[in-house]
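Note sheet for the following structure.
The values are calculated or read from the model by the stated rules, or taken from the named source; none is laboratory data. None of the values given here were measured: they were computed from a predicted structure. All Cβ positions, glycine included, derive from the backbone under ideal geometry; neighbour counts span all protein chains shown. What goes into the accessible areas is simple: the full protein's heavy atoms, side chains included, and nothing from ligands, DNA or RNA. Shrake-Rupley method; radii C 1.70, N 1.55, O 1.52, S 1.80 Å.
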Amino acid sequence: MAETAALLSDEVFLDVPLRQWAISFPFPLRYLFAAHLQAMGKVLRIVYRTIATHRYSLMDGATGAVTLIQRFGSALKVNIHFHILFLDGVYVCRENRPPGFLRVKAPDKSTLEELVQLIRQRVGRCLERQGLLEQGAENAWLERLAKANGFSLHAGVSCEGHQKDKRERLCRYIARPAVAVPRLSLSSTGKVL
């Protein structure tokens, strides 16, 4: 974990603002992704494209991101969710000058709600096409708001380009292992607790 965080913080992300986007899925989809890794990969591409095109395409530039897939929660239950560190803006090419970085404003609640609905719809269509999900009129798999149906999208954590310590903390957080070793202990009978 520490090596991954150091690599991301020191070598991958330059001194530009970052924003962490975290997305979780309804429990049935978490189990489906655990069993169908190709489907999970397609869903990750959907999530990335949806956020990138919605947030950054109007600026006519290029952005970038790194995703780490968390597979378990702290209780070691299957809990597949994505942590994505996006550049919080775009690089814009200008004539005869090096690319310049343009920051985007932080997403507001309505933007997050719009994005999670787009992601929900696109994921549903993708899984239907693959035959992994069946959606009928009486069995609409996720008809209501994402919060009510297990989706959640969060983008409240960010850092400025000059905040190296905060950038490293973000990288350490998304690169953390499934089990926090310091939280483990041995019982008097030698069982791991």
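Can you pull the percent of segment 1-116's accessible area that's carbon plus sulfur, 1.4 Å probe, other chains left in place?
For segment 1-116, the apolar C and S fraction of the accessible surface comes to 57 percent.
Starting from the Cα-Cα distance between Phe72 and Lys105, subtract it from 0.36 nm times their residue separation and give me the gain in nm to one decimal. Intermediate values should be presented prior to the final figure.
Details: separation 33, 0.36 × 33 = 11.88 nm, distance 3.15 nm.
8.7 nm is the gain from fully extending Phe72 to Lys105.
Can you compute 3J(HN,Hα) from phi for each residue in segment 6-15, using the Karplus curve 6.51 cos²θ - 1.76 cosθ + 1.60 with θ = phi - 60°, rounded to whole Hz and x for Gly and Pro?
So the J values, rounded to whole Hz, are 5, 4, 4, 5, 8, 10, 8, 8, 7, 7.
What number results when the radius of gyration of segment 1-103, computed over Cα atoms, is divided by 2.2 N^0.38 Å?
In units of the globular-protein estimate, segment 1-103 measures up at 1.25.
Count charges around Val78 for me, please; just the other residues with Cβ under 9 Å from its Cβ, Lys/Arg as +1, Asp/Glu as -1.
Cβ neighbours under 9 Å give a net charge of +3.
Report, by chain and number, residues whose modeled amide H sits under 5 Å from the one on Ser158, excluding near sequence neighbours (fewer than 5 apart, same chain).
Gln20
Stretch Asp15-Leu184 to full length: gain in nm at 0.36 nm per residue minus the Cα-Cα span?
Between Asp15 and Leu184, full extension yields an extra 57.2 nm.
I need the phi-derived Karplus couplings for segment 22-31: 6.51 cos²θ - 1.76 cosθ + 1.60, θ = phi - 60°, integer Hz, Gly and Pro marked x.
So the J values, rounded to whole Hz, are 10, 10, 10, 10, x, 3, x, 6, 4, 5.
Please work out how much length the chain gains when fully extended from Arg129 to Lys164, using 0.36 nm per residue of separation minus the C-alpha to C-alpha distance, in nm with one decimal.
Result: 8.3 nm gained on full extension.
Show the residues, 5+ positions off or on another chain, whose built amide H is closer than 5 Å to the amide H of Asp88.
Under 5 Å from the amide H of Asp88: Leu18, Arg19.
Once phi is turned into θ = phi - 60°, what whole-Hz ³J(HN,Hα) does the Karplus curve with 6.51, -1.76 and 1.60 give for every residue of segment 99-108, x standing for Gly and Pro?
Computed from phi, the couplings for segment 99-108 are x, x, 9, 10, 7, 9, 6, 4, x, 8 Hz.
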